[in-house]
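Colleague: I'd like to ask some things about the structure below.
The values are calculated or read from the model by the stated rules, or taken from the named source; none is laboratory data. Since we're looking at a predicted model, the values are computed, not measured. Here the Cβ positions follow ideal geometry from the backbone for every residue, glycine too, while neighbour counts run over all protein chains shown.
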Amino acid sequence: MIHTRDSLLAQIKIILQEQFDIEPDAVQLNARLREDLDIDSIDAVNLMIELKSLTAKKIALENFHQVKTVSDLLDAVLLFLHQNKVDE
Amino acid sequence: MRVKLSPKGIVQETLLTIPFFDVDSMNIVWHGHYCKYLELARCELLDKIGYNYTDMKNSGFMFPIVDMQIKYVQPLVFEQSVRIVARLIEWECRIKIDYKIIDDTTQQVLTKASTVQAAVNASTKQLQFVCPDIFIQRVNQLLAQT
């Protein structure tokens, strides 16, 4: 399955709604995970586990600490998928 | 099911007789003591895996509890013999353990619980989003044997 930025955003909206009761409309590209969406560091680990569901393979964003916004998150996941050829 | 479940499972059973000093004025175990019972079982489970709290420290990591759930299905009472069954559920990004406290005589399930521990780098105090390789290796070794 090939992920585009838009398809990934749609899936992340679903995960955030299911896991943290975050309204999909609140998940804008410039929304800050911590301040705007109230995702703490413990939630972030949970989110990482859920992101695995986007691919058949393990996803490990070791630089997740630098992810501040929804847009950063999309970039980090897409970069990981590209580097690890998970899509292919 | 999205989370990775142990296919065969790493499970440890710990026996406990409920001590007098844990019961409250209703003659049942005060709810706050349960987390210590979970710790007893968790330590034995980690010993079995070969990555206990001392091993964690020596490998440069800490694993604080970051989440805990306890469902008090039936009360525990003084002198009751119980088994605390601890099962490793997640080990790649964090340690999640499920517990059941079971009456050793009647086999009735008295308590259901779970804990989540996150890996923290001991020197930087920074939360890790992936468990240390040494821990994952130990788990996989044990799973291969079971």
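Colleague: For residue B:81, which of the numbered conditions (1) within 13 Å of chain A (Cβ to nearest Cβ); (2) surrounded by fewer than 14 Cβ atoms within 10 Å (Cβ to Cβ); (3) within 30 Å of residue B:24 (Cα to Cα); (4) not acidic (Asp, Glu) fails to hold?
Modeller: (1)
Colleague: Here's a check for you: in segment B:81-116, which residue that is touching a Cys at 6+ places or on another chain (Cβ under 9 Å) and aliphatic (A, V, I, L, M) is farthest from residue B:14 (Cα to Cα)?
Modeller: Looking at the filtered set, the residue picked out is B:95.
Colleague: Then there is this: Taking residue B:39 and the conditions (1) buried (at least 19 other Cβ atoms within 10 Å of the Cβ); (2) within 11 Å of the chain's Cα centre (by Cα), which numbered condition does it fall short on, given that it satisfies the others?
Modeller: Residue B:39 satisfies all of (1) buried (at least 19 other Cβ atoms within 10 Å of the Cβ); (2) within 11 Å of the chain's Cα centre (by Cα) except (1).
Colleague: For residue A:17, all conditions in the list (1) within 22 Å of residue B:92 (Cβ to Cβ); (2) away from chain B (no Cβ under 13 Å); (3) at pLDDT 80 or above hold save one; what is the number of the exception?
Modeller: Of the numbered conditions (1) within 22 Å of residue B:92 (Cβ to Cβ); (2) away from chain B (no Cβ under 13 Å); (3) at pLDDT 80 or above, the odd one out for residue A:17 is (1).
Colleague: Shifting gears a bit: Could you check, for segment B:94-117, whether at least one of its residues is charged (D, E, K, R) and farther than 28 Å from residue B:27 by Cα?
Modeller: Initial filter on segment B:94-117 (charged (D, E, K, R)): B:94, B:96, B:98, B:100, B:103-104, B:112.
From what's left, farther than 28 Å from residue B:27 by Cα: B:94, B:96.
Scanning segment B:94-117, I find at least one residue that is charged (D, E, K, R) and farther than 28 Å from residue B:27 by Cα, so the answer is yes.
Colleague: Here's another thing I want to ask about it. Which count do you get for residues in segment B:21-43 that are within 28 Å of residue B:143 (Cβ to Cβ) and part of a loop (DSSP other than H, G, I, E, B)?
Modeller: Result for segment B:21-43: 0.
Colleague: Next question, about the same structure. Is it fair to say residue B:67 is within 12 Å of chain A (Cβ to nearest Cβ) and either of a type in the set (D, E, K, R) or over 26 Å from residue B:141 (Cα atoms) (or both)?
Modeller: Judged against the criteria, residue B:67 is a match.
Colleague: Follow-up. Go through segment B:75-132 and give me each residue that's in contact (Cβ under 8 Å) with a residue 40 or more places away in the chain and of a type in the set (S, T, N, Q).
Modeller: B:80, B:81, B:111, B:114, B:115, B:117, B:121, B:123, B:128
Colleague: Additional query: Filter segment B:109-140 down to residues that are of a type outside the set (D, E, K, R) and surrounded by fewer than 12 Cβ atoms within 10 Å (Cβ to Cβ), then give me how many there are.
Modeller: The total comes to 3.
Colleague: To continue, here is another question. Examine segment B:12-30 for a residue that is within 14 Å of chain A (Cβ to nearest Cβ) and modelled with pLDDT under 95, and state whether such a residue exists. Steps first, answer last, please.
Modeller: We begin by selecting, within segment B:12-30, every residue within 14 Å of chain A (Cβ to nearest Cβ); these are none.
No; the residues of segment B:12-30 include none that is within 14 Å of chain A (Cβ to nearest Cβ) and modelled with pLDDT under 95.
Colleague: Then there is this: Keeping to segment B:95-120, report how many residues are within 14 Å of chain A (Cβ to nearest Cβ) and out of contact with any Pro (no Cβ under 9 Å at 6 or more places or on another chain).
Modeller: Result for segment B:95-120: 5.
Colleague: Something else: Could you please find all residues in segment B:45-61 being in contact with a strand residue (DSSP E or B) (Cβ under 9 Å, 6 or more places away or on another chain) and surrounded by fewer than 16 Cβ atoms within 10 Å (Cβ to Cβ)?
Modeller: B:47, B:53, B:60
Colleague: The conditions are (1) crowded, with 16+ Cβ neighbours inside 10 Å; (2) in contact with a helix residue (DSSP H, G or I) (Cβ under 6 Å, 6 or more places away or on another chain); (3) of a type outside the set (A, V, I, L, M, F, W, C), and residue B:34 fails exactly one of them. Which is it?
Modeller: Every listed condition holds for residue B:34 apart from (2).
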